[in-house]
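Single-structure report; data block below.
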Amino acid sequence: MTGSVPAVEAVGLVKTFGSVRAVDGIDLTLGAGRIYGLLGPNGSGKTTFIRMVAGLAHPTAGTARILGTLVPDRSLLARIGYMPQVEAVYPELSVEENVAFFARLEGRRDPAAVNRVLDLTDLGDRRGTPAMHLSGGMRRRLSLACTLVHEPPVLLLDEPTVGVDPALRAQFWAHFRRLADAGTTILVASHVMDEADRCDELVFVRSGRILVRGTSAEIRTSAGTTDLESAFLHHAGLDSEGRPLTAVSS
Ligand SMILES: Nc1ncnc2c1ncn2[C@@H]1O[C@H](COP(=O)(O)OP(=O)(O)O)[C@@H](O)[C@H]1O
Ligand SMILES: [Mg+2]
């Protein structure tokens, strides 16, 4: 942990879309050099939360700060790596051109940085392929390469390993761990629990609110369960079949 300024700090974040409260008052402080899992079912507000923290969506209420700076702020672009849930790569540009473009945006001109992330994402031999000719999994890898190339201290990754094969997935997590060990703060959103044990800490969300935060062991212990799926249901106030525990049978 470096200094006293949190890497990410959300205070009272709210985002409404009409009558939907996508994010319903989230307070969250994340420290440097750790991997946090933002876990919750589809529609629980993960993407909306991350987009507000990244400065891409305007909160209905509340504030976000990255490394002490109020979001949005131009100076934060170089310090945040945001990987969207739906890739935003340029279809006509080649793999290498896409990565080099994102590197240049953040003032990186060093070809070694581009080569490093192409190696990491196993796209070295696809460097000349236009992005539109890549498979879904390869586009996911390209998106990650574009997110990492400027080596930002804060990574916001929205479902980064969906569609990525298991061997490469393991490689990604090993890399995330190396980055965290070197001081990078990583927030990874996921709607499945299978990678939760790779995270240092978990934040369970449902209906735009935080249910519980803690290590995997802490959350399982406090729920009195051995697996995280059951722990989620417990913390959401649901029974093992997903029904409200307070439901009155008639
Ligand atoms: N642009 C939008 N317009 C209207 N509703 C939205 C929009 N984006 C998200 N929502 C709604 O907000 C809620 C949270 O969505 P989202 O943040 O994508 O959740 P998650 O990433 O956890 O699946 C959902 O009910 C979703 O339908
Ligand atoms: Mg999402």
Condition check: modelled with pLDDT of 90 or more, small (Gly, Ala, Ser) and more than 15 Å from ligand 2 (Cβ to nearest atom). Does ALA189 satisfy that? no
So which of ARG220, ARG139, ARG177, ARG169 is under 18 Å from the mean Cα position of the chain (by Cα), assigned to a helix (DSSP H, G or I) and free of Cβ contacts under 8 Å to residues at least 40 places away in the same chain? ARG169
Among the residues in segment 201-210, are any within 16 Å of ligand 1 (Cβ to nearest atom), in contact with an Asp or Glu (Cβ under 8 Å, 6 or more places away or on another chain) and in a loop (DSSP other than H, G, I, E, B)? yes
Applying the selection to segment 103-157, what residues are within 18 Å of LEU179 (Cβ to Cβ) and β-branched (Val, Ile, Thr)? VAL114, VAL117, THR121, THR147, VAL149, VAL154
Please work out which residue is farthest from SER216 (Cα to Cα), limiting yourself to segment 180-196 and to residues that are surrounded by fewer than 17 Cβ atoms within 10 Å (Cβ to Cβ) and either in contact with a Cys (Cβ under 6 Å, 6 or more places away or on another chain) or hydrophobic (A, V, I, L, M, F, W, C) (or both). ALA182
Could you please give the count of residues in segment 35-72 that are hydroxyl-bearing (Ser, Thr, Tyr) and more than 10 Å from ligand 2 (Cβ to nearest atom)? 4
Among the candidates ASP197, ASP181, which residue alone is at pLDDT below 95 and out of contact with any strand residue (DSSP E or B) (no Cβ under 8 Å at 6 or more places or on another chain)? ASP197
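The values are calculated or read from the model by the stated rules, or taken from the named source; none is laboratory data. Only a predicted model underlies this, so the values are computations on that prediction, with no experimental measurement involved. Positions of Cβ are backbone-derived with ideal geometry, glycine not excepted, and every protein chain shown enters the neighbour counts.
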